[in-house]
1. Please pick out the residue among ARG114, ARG165, ARG106 that is modelled with pLDDT of 95 or more, assigned to a helix (DSSP H, G or I) and not assigned by TED's automatic domain parsing to the domain that holds HIS71.
2. Is there a residue in the range 373-386 that is buried (at least 24 other Cβ atoms within 10 Å of the Cβ) and either farther than 30 Å from THR286 by Cβ or hydroxyl-bearing (Ser, Thr, Tyr) (or both)?
3. Taking ASP253, is it closer than 21 Å to GLU328 by Cα, touching a Cys at 6+ places or on another chain (Cβ under 6 Å) and modelled with pLDDT of 90 or more?
4. Any idea which of PRO225, PRO284 is more than 30 Å from ASP137 (Cβ to Cβ), in the same structural domain as GLY198 (by TED's automatic domain parsing) and of a type outside the set (Ser, Thr, Tyr)?
5. Identify the single condition in (1) of a type in the set (D, E, K, R); (2) at pLDDT 95 or above; (3) under 27 Å from LYS265 (Cβ atoms) that GLU439 does not satisfy, given that it satisfies every other one.
6. Among the residues of the range 406-452, write down those that are hydroxyl-bearing (Ser, Thr, Tyr) and within 12 Å of VAL385 (Cβ to Cβ).
7. Determine whether the range 367-385 contains at least one residue that is under 26 Å from the mean Cα position of the chain (by Cα) and either farther than 15 Å from ALA278 by Cβ or assigned by TED's automatic domain parsing to the domain that holds THR236 (or both).
8. Could you please tell me which pairs satisfy a Cβ distance under 9 Å, a separation of 6+ or placement on different chains, a first residue in the range 253-274 that is assigned by TED's automatic domain parsing to the domain that holds LEU445 and outside any helix (DSSP H, G or I), and a second residue that is surrounded by 13 or more Cβ atoms within 10 Å (Cβ to Cβ) and of a type in the set (Lys, Arg)?
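The values are calculated or read from the model by the stated rules, or taken from the named source; none is laboratory data. None of these values were measured; they are calculated from a predicted model. Cβ sites come from the backbone with ideal geometry, for glycine too, and all protein chains shown count toward neighbours.
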Amino acid sequence: MNEPSARETSESVSEESLAAARRLFDEGMELADRGDLQAAATCLTKAADLAPGKLPILFNLANLRTELGDHQAAAAAYHEAFKLDPSDFDVTLGLGKALAQIGQTRDALMVLERASTLDPTSFEAASELARVLDSIDKFRLSIPWHQKALAIDPSNAPQQWAYARALATSGKLDDAAVALRRMIELEPSCSGAYEFLGQIYAATDQKHLLEGLGQEWLAACPTDPTAQHLAASWSTDHQPRRASDAFVQEVFDKFAAEFDATLEKLEYRAPQLVAAAAQMLLAPGTSKFARVLDAGCGTGLCGPLARPFSEYLVGVDLSRGMIDKAKERFVYDELQVAELTSFIEKSETPYDLILSADTLVYFGDLSEVAAAMFAKLEKHGAIVVTLESATAAENCETYLLRAHGRYCHERGYVEQVLTAAGFTEISFSEVVLRKQGAEQVAGYLVVARKQP
């Protein structure tokens with residue numbers, strides 16, 4: 001950290017005040033070195049009051065405010081320092097980053113560009129410019145800054161990842177694939193790079209490359225549940241009967257915090273479809289089902305929709321992260337972390353209605369879960385579930401694990417399984433469940449009843 005120099009002494013500051021400011025500055029730096037950042041910031045604030053206009057005091061105070069997470073105060077201190085010396089690279093970079101943190105994006109970009117001009121060899125300035133542009137979805141504009149940052153530091157894996165994402169989001173999928181290949185060279189165990197590259201191969205009619213990519217991923221990450229599941233989905237060999245518990249837990253625990261916002265962007269409709277169909281099943285003169293199970297409840301998107309027609313609403317999901325989010329809705333009477341089929345089989349009290357919105361897409365073979373649902377329904381009970389529908393081109397006779405890791409099902413197979421479980425009055429509605437990239441995901445809304 002920098003110390004105030006004699007030449008910066010202003011005539012307007014008394015020798016006594018300047019000496020006190022120096023002592024406070026030194027004390028603050030010692031406190032900072034010991035990790036007491038709040039006390040250090042207090043000392044430097046007093047020093048700045050005693051000796052206004054001293055760049056080193058302001059700069060170090062701004063750095064401390066940044067470390068403490070007080071970005072508004074940091075921006076103010078950096079700005080005062082910047083006015084003293086607009087040619088100081090460190091001050092300019094700090095100001096740009098602080099402005100970005102407090103949402104003054106336009107000003108941040110201008111200041112960061114100035115920082116990059118002051119030091120064209122700075123990786124941090126170029127990287128921060130790219131990051132800020134990405135944060136406001138200006139991915140095409142961020143690409144040259146990613147490239148500049150990587151030209152300065154070609155082995156920076158996080159920058160390479162952000163670059164690949166910017167390219168893909170800008171529609172430059174071939175370039176993104178090259179960037180991801182470079183990412184894998186830098187970090188061979190980065191599962192996200194393999195998964196992202198697989199998505200690009202699937203989206204660009206390069207599915208013939210998927211199987212080899214899956215084998216490469218498994219070789220690098222043999223115990224990774226996501227690698228195991230997606231490598232299987234990319235394989236032409238035997239596919240698993242359902243997604244493993246470890247895969248579901250890993251994916252959805254990571255996804256829980258962003259789940260609702262992500263699905264909103266994908267125009268996710270399964271909860272609304274399921275809830276609307278369920279309400280149609282209410283017996284004349286009744287307004288609620290006694291016991292309802294939200295099977296694979298996730299973050300609880302079905303909960304607020306099912307609550308009005310549920311006397312007692314139970315949610316179950318394999319992901320603890322998802323269940324924690326569902327708890328925040330305060331609409332369920334009971335929430336459990338458990339594997340779905342096992343939970344239903346062990347349920348002591350039967351249900352009048354079982355809902356499942358986009359959960360059975362992680363099951364290929366539906367026979368066990370269908371049998372469990374039937375066994376734990378009350379007389380005249382019903383299930384309402386969604387499934388992704390197989391296309392004619394997929395030549396699917398039962399179920400198929402698609403490249404994105406979810407199963408699709410053939411209608412005849414689903415009807416056969418439900419009938420074998422004991423269900424009657426089975427109906428299928430063709431629906432659009434969500435988007436996958438720019439494509440609509442077609443599916444079935446299935447309603448099946450249990451007759452005494």
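1. Being modelled with pLDDT of 95 or more, assigned to a helix (DSSP H, G or I) and not assigned by TED's automatic domain parsing to the domain that holds HIS71 holds for just one of ARG114, ARG165, ARG106, which is ARG165.
2. Yes: the range 373-386 contains one or more residues that are buried (at least 24 other Cβ atoms within 10 Å of the Cβ) and either farther than 30 Å from THR286 by Cβ or hydroxyl-bearing (Ser, Thr, Tyr) (or both).
3. no
4. Answer to the selection: PRO225.
5. Here GLU439 meets the rest and fails (2).
6. Residues satisfying the conditions are SER427, SER429, TYR444.
7. Scanning the range 367-385, I find no residue that is under 26 Å from the mean Cα position of the chain (by Cα) and either farther than 15 Å from ALA278 by Cβ or assigned by TED's automatic domain parsing to the domain that holds THR236 (or both), so the answer is no.
8. LEU266/ARG434; LEU266/LYS435; GLU267/ARG434; GLU267/LYS435; TYR268/ARG434; TYR268/LYS435; ARG269/ARG434
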